[in-house]
Amino acid sequence: MLLKIFRVFLCLLTITLSSELRAQSLQKNSFYDYKPARCAGEIPSDFLVKSSEKAEAAKREIKDSRVSRQDKKQEFEYAITSSFAVDEMLSSGQILFGDSMSLFIQNVAKRILESNGEEELLKKLRFYVLKSPIPNAYCTSNGAVLVSVGLLSRLENEAQLAFILSHEIQHYILKHSLKEYKKINTMKNASSGQRLEDKLSDIYNFSQENENEADLNGFKMMQRAGYNLDEGVYVFDMLKYAEYPFLEITLPIDSFETEYYKFPLSLHTQIKEAVKQGADEDEKHLQEQGDETNKTHPSLDRRINRMRDMIAADGNQKGKPLYLAGKESFNYISKMARHELLLLYLRYADYGNAYYLAEVMQKLYGSSLFIAKVKAMSIYGLAHHSSLKHSMDKYGCNITNSRGEWRPLIALFSRMDLKELSAFGSRQIYFIKKEYKDDPFLDKVSRDFFRIVQSNALIRISDLALAKPQLENNQDTTEKSDETDNNSGIKNPRNRVKRNTSTGASMGLYYMQIFTDIKDREYLQKFLKEMQYSELSKTEGEKQDPISKKSKPEQVVNQMVMFPPQIELSYGSENKRDLYQEEDYKEFLVNKWDELGDKANLNIDVLRTNMDQRVTLEAINDYMSLSDWIIERLNNDTQDMLLFNSEFVKEPMQRKNATHVGWVSYDYKQGQRKFAPEYLLYSIVFYPTLPLYLIWQFSKEYKFNEYCVVFNTQTGKAIHVKRKKFSSRLRGDLLNAQIYETLYNIKYGR
Amino acid sequence: MKLIAFIKKTMLLSSSLVFAVVALAQNNPGYLGYKKSVDLTITPMFFNFIAGGPSFKPSVGLAYEMATKSKFSIRFGMSHVNNSVTQNNLDYYSLALSIPNNNGSFSSTDFGNAYGTFKYSYTAFSIAPRFFKTHKGAVAPYGGYWGFDLSLGNARVANDDNVIYKMNDNGTTSQRNFTNDAWKKIKVVSLQFNVGKRRYIGSSGISAFYQMGVGYPLWQSSTMYLTNTATYFANHQDLLENAMVRHIANGSIMEIKFGVGYGIK
């Protein structure tokens, strides 16, 4: 009996301890080695119903309403446009649901609506997080509330979120987007090639009048919910400083200098000038924020003043709560949003900005593996693009756009040449690697970074370790030859570089002193030895140029994961899109790629995220992981770079037993041919061809494009990049032929 | 020995050519993997009115098309037609029958609006490179194309009674029959430029196509002559030759071809 009790006790103890340990590890893992947030829980109804069905339901509602025929027509058009545009955004892989951030937003909204007696409204609204660094929020006409990661990361407390939600919900209640649509009386149909977020901004862009109305009613809503109203003012302040970092630290470039490693005066001067010039631009920018000319939104200053008047009427806000749902929960989601924001900066290859924010986060939340990874990746990304002579402006080093305290660092990154940047990065990577020795990702990044240092920046890293203080070096210079010793005025041009027998010709350069102050010389030597890279040590396979046709090995892809094919069909001179037909074609294309993959002996796993009952949470999350990866890949215009998100696509790709991911998009335009006077002239001169010209001129013009990109997610290399252009009518057998040809070319690497 | 060496070389060259074409075909996706096609063709002779008025009796053919690249295919074909043609207006050819007199002179009879009927059989073998319009979405052998048809045809002529040619001077004078000992032959080499389109029915591999072409006879042999026409002069033979050759070869000056094909992977 005792034994039995002991066993039960042991079991319980084990379970308790293991769950405790798991909880602790989860807590630690959640931010220590942060992984991107994914969707969780029940799939919202938005994802289970086809866009056409949603549009039809909206149309039925309009049909029953008592409005004029003209109004009805406009409302029908609006219902279709907005239903499809919102669904396009929802199914883009950039929307989170069921995660901590979305649940918190939902919780806050619930409190606001319940305290306003709007319980029914709560059933109609759905809350999502939009993975975008731009601080913004939307409430769509069909009740989807989107709050961006950029906005969440900037919020200081729950009351600010409550104000934003109240404001957005008011846009929904007051049907502002429909009113705006009717007023403009044009189809705000997004043009092809436009970013999804921009399409949404276009549709949900309100007039000054509507914004004021939403501010006023939102204020009342927040008032009834009992939040501290002062925070509404701070929300506007936050929007005013949207182009600044969410939090700032002063990071002068001197802070990277050591006793021996000092930036030259010329670099200091350049940076000072750039910062000063930027500061003047900032002043202008802030003044523009207050200017209402040519703006749809009222100026932020005007909104702030109005808000202050309303608050004054309400009385003293002291003692009114900033948190109702919970401070801890808010801090948690705020931290999460900031981690997500760092991931977004990496995804968009804004490495300069990402590095600065990583420094801020380190100060704010302490060191972590995640922050170390972000810093290492940023340094690596900058060095990589610098080695390819890319414009650093594209990689988070735009001095003008980086307003605020991150400017000196951004200016430093953009002004340093590859050698300087390589030396600077070597030190950062050295310290990161010293702290996180065993992380495989950091190891890969470090090795590839030092490959660039050696093979592109042409710095012998052993020289870095041998560098000694300048004074000693000067004493160590070799004897000059007799020819240049005398005072005859004859000089050796090579004397421009100080000579040193131990460290080579480059010793005279300031950046070679990057490790001079390091005390632990033994570890430094060992580290740099580990990072040694030699062209000779490359295998034959590595030596081959991956994109050179001549050296391209016969490549056979047998398994591939595909994003759901995209298609845009537009007709007439106005390029009016047929959204219903697009939906049918999307479904058709998913099946076609699947079916033809079998015929081409290429197993295609199309991620079925088209909105209908068959969509699964796993497919949505896999799609999200892969779209994050592909965004990062596309923003880095290079074949050879390691990608941060490659860590996060491993699991879904392994599950699908694939290494390649493909993305395909079609666009088809059918319209009247433009008048071609030169052909008319030719046909008049060669008059027998006139009938042919007339047939040609009055026949319809077809433009059909297929864009296809296939990447190897292990190497990040694009194995197939093709744009096909046809002037042909869209037909089933044409699609058959083209899809099969594309599959064949992918399979055999042609 | 030289002859044997020549035959060997020729065989080696032709077989390596076939292998090269087959090997090239492996690099092409084709239509859903269908890179080759066996076709049954039908060519109504709509346009040979130039020689003798429209005739709807079609030429039938068999062809084998092999796509070597997405934009290129080569086609080997054979076609055959049996037809009879009435030459209505021989005036056009200034037909006159000259009969030698005993004194060595000739008496000439003008047939005026004479007509003649003859029957011919024509078999042609062709080789046709085709260039597919990939900018229109074609993937050989699917889709629109343009190309050339180089054909070698062999025509044999006779009527049902083994009478080569029958002339009748407007039904007023006596009919003259010129009988033949055997089939008479003529070879024609012609080149045709054509455009066409092949479309597949679903993924079954069965296709339908049409082709329009304009051609020109490059060369013709003049071996045909009439053995039993002692009273004839060469100009009459030329006339007959011309009439038939025009009928056959000029038939391909403008041609419309229809066909169905069966795809092979």
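Okay, residues lined up against (1) part of a loop (DSSP other than H, G, I, E, B); (2) more than 22 Å from B:Ser203 (Cα to Cα); (3) at pLDDT 90 or above:
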| position | (1), (2), (3) |
| --- | --- |
| A:Glu568 | no, yes, yes |
| A:Ser573 | yes, yes, no |
| A:Glu583 | no, yes, yes |
| A:Val590 | no, no, yes |
| A:Asp594 | no, no, yes |
| A:Thr609 | yes, yes, no |
| A:Arg614 | yes, yes, no |
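Restricted to the range A:416-437, and to residues that are of a type in the set (Asp, Glu) and in contact (Cβ under 8 Å) with a residue 40 or more places away in the chain, which residue is surrounded by the most Cβ atoms within 10 Å (Cβ to Cβ)?
Ranking the qualifying residues of the range A:416-437, first place goes to A:Glu420.
Could you list, in sequence order, the residues of the range A:301-324 that are in contact (Cβ under 8 Å) with a residue 60 or more places away in the chain, part of a loop (DSSP other than H, G, I, E, B) and within 26 Å of A:Glu211 (Cβ to Cβ)?
Of everything in the range A:301-324, those that are in contact (Cβ under 8 Å) with a residue 60 or more places away in the chain, part of a loop (DSSP other than H, G, I, E, B) and within 26 Å of A:Glu211 (Cβ to Cβ) turn out to be A:Gln317, A:Lys320, A:Leu322, A:Leu324.
Can you give me the number of residues within the range A:122-143 that are modelled with pLDDT of 90 or more and more than 19 Å from the chain's Cα centre (by Cα)?
3
Residues that are facing chain B (nearest Cβ under 9 Å): which helices (runs of 4 or more DSSP H) entirely in the range A:656-750 hold 1 or more of them?
A:732-747
Which residue is farthest from A:Ala55 (Cα to Cα), if the candidates are limited to the range A:586-595 and must be more than 14 Å from chain B (Cβ to nearest Cβ) and free of Cβ contacts under 8 Å to residues at least 40 places away in the same chain?
A:Val590
Any residue at all in the range A:693-702 that's on the phi < 0 side of the Ramachandran plot, free of Cβ contacts under 8 Å to residues at least 40 places away in the same chain, of a type in the set (Asp, Glu) and in contact with a Lys or Arg (Cβ under 9 Å, 6 or more places away or on another chain)?
Within the range A:693-702, one or more residues are on the phi < 0 side of the Ramachandran plot, free of Cβ contacts under 8 Å to residues at least 40 places away in the same chain, of a type in the set (Asp, Glu) and in contact with a Lys or Arg (Cβ under 9 Å, 6 or more places away or on another chain).
Being within 24 Å of A:Asp254 (Cα to Cα) and in contact (Cβ under 8 Å) with a residue 12 or more places away in the chain is true for just one of A:Tyr356, A:Tyr348. Which residue is that?
A:Tyr356
Can you find even one residue in the range B:118-140 that is within 14 Å of another protein chain (Cβ to nearest Cβ), buried (at least 17 other Cβ atoms within 10 Å of the Cβ), at pLDDT 80 or above and out of contact with any strand residue (DSSP E or B) (no Cβ under 7 Å at 6 or more places or on another chain)? Talk me through it step by step, then tell me what you get.
Of the residues in the range B:118-140, the ones within 14 Å of another protein chain (Cβ to nearest Cβ) are B:132-140.
Now drop any that are not buried (at least 17 other Cβ atoms within 10 Å of the Cβ), which leaves B:132-134, B:136-140.
In the following step, the residues that additionally are at pLDDT 80 or above were identified as B:132-134, B:136-140.
Retained after the next criterion (residues that are out of contact with any strand residue (DSSP E or B) (no Cβ under 7 Å at 6 or more places or on another chain)): B:134.
Yes.
For the range A:596-631, what are the residues that are within 14 Å of chain B (Cβ to nearest Cβ) and touching a strand residue (DSSP E or B) at 6+ places or on another chain (Cβ under 9 Å)?
A:Leu596, A:Gly597, A:Asp598, A:Leu602 - these are the residues of the range A:596-631 that are within 14 Å of chain B (Cβ to nearest Cβ) and touching a strand residue (DSSP E or B) at 6+ places or on another chain (Cβ under 9 Å).
Being in contact with a Lys or Arg (Cβ under 7 Å, 6 or more places away or on another chain), closer than 20 Å to A:Ile173 by Cα and at pLDDT below 90: is that true of A:Ala57 here?
Details: in contact with a Lys or Arg (Cβ under 7 Å, 6 or more places away or on another chain): no; closer than 20 Å to A:Ile173 by Cα: yes; at pLDDT below 90: yes.
Criteria not met by A:Ala57.
Only one of (1) farther than 19 Å from A:Asn635 by Cβ; (2) touching a Pro at 6+ places or on another chain (Cβ under 8 Å) is not met by A:Thr715, so which one is it?
(1)
Could you list all residues from the range A:656-698 that are closer than 26 Å to A:Ser570 by Cβ and among the β-branched types (Val, Ile, Thr)?
A:Val664, A:Ile695
State which residue is surrounded by the most Cβ atoms within 10 Å (Cβ to Cβ) when the search covers only the range A:669-723 and only residues that are closer than 29 Å to A:Met653 by Cα and among the small types (Gly, Ala, Ser). Even if it seems obvious, please write down each step before you answer.
If we filter the range A:669-723 for residues that are closer than 29 Å to A:Met653 by Cα, which is where we start, we get A:705-723.
Keeping just the survivors that are among the small types (Gly, Ala, Ser) gives A:716, A:718.
Numbers: A:Gly716: 19, A:Ala718: 15.
Checking each candidate, the answer is A:Gly716.
The values are calculated or read from the model by the stated rules, or taken from the named source; none is laboratory data. Keep in mind the model is a prediction, meaning the values are calculated, not measured. Cβ atoms come from the backbone with ideal geometry, glycine included; neighbour counts cover every protein chain shown.
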